[in-house]
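Comments concern the structure below.
Here, each number is a calculation from the coordinates, and none is a lab measurement. As the structure is a computational prediction, the values presented were derived from the model and not from experiment. Cβ atoms come from the backbone with ideal geometry, glycine included; neighbour counts cover every protein chain shown.
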Amino acid sequence: MADPGGRRLDVPRGRGRSLSNLVRLNPDAVGKFAEAIARFLGTGRFLAVQTIIVVVWIGLNVFAVQLRWDPYPFILLNLAFSTQAAYAAPLILLAQNRQADRDRVQAEEDRARAATTRADTEYLARELAALRVAIGELATRDFIRSELTRLAPEEPEPDRREKSKRRDPVG
């Protein structure tokens, strides 16, 4: 079923052509890109390369009379630094926000793990205390022997052969 314009009527129409449809960015891809840029901006290599570029830029504009594309106040160089700062600051903040989110998730996992460990430790402590109480109330082998010898009349000691036969059920 189609309308005169050739579109299907049983399929919902997508949103119109808006700017948000035109520019669809994956937030994870943008975040990874921002983190990569932030990592690069924080390296000594970046500072060294930028310093070399600035020295060459100023040197060429001061000493090379033929190549003066940016005379003394270096307005173009200032514009380049401003543009770099305008993009670097939000990218660094985005990378910091992503790191803060990862840290928050890690902290929640650590808290949950600590609570589980604490609960397990408390359970084991209660079980150990219960075992200690139970062992304290149980009659030990020595106690039973002493009570039996106290209550039972003295029997004559059997010879060793009969004693070994009683212990050995096979023989």
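If we count other beta carbons within 10 Å of each Cβ, what is the order of Phe33, Phe63, fewest first?
By the 10 Å Cβ count, ascending, the order reads Phe63, Phe33.
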Report summary line: Lys and Arg at +1, Asp and Glu at -1: neighbours of Arg104 with Cβ under 12 Å from its Cβ sum to -2
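When the Kirkwood radius is taken over all Cα pairs of segment 52-123, what Stokes-Einstein diffusion coefficient follows at 25 °C and 0.890 mPa s, in µm²/s?
Translational diffusion coefficient: 147 µm²/s.
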Query raised in the report: How high is the relative contact order of segment 25-151, in percent, with contacts defined as C-alpha pairs under 8 Å that are six or more residues apart?
Result: 27
Report summary line: Note on segment 25-151: C-alpha Rg/Rh, Kirkwood Rh, two decimals, gives 1.62
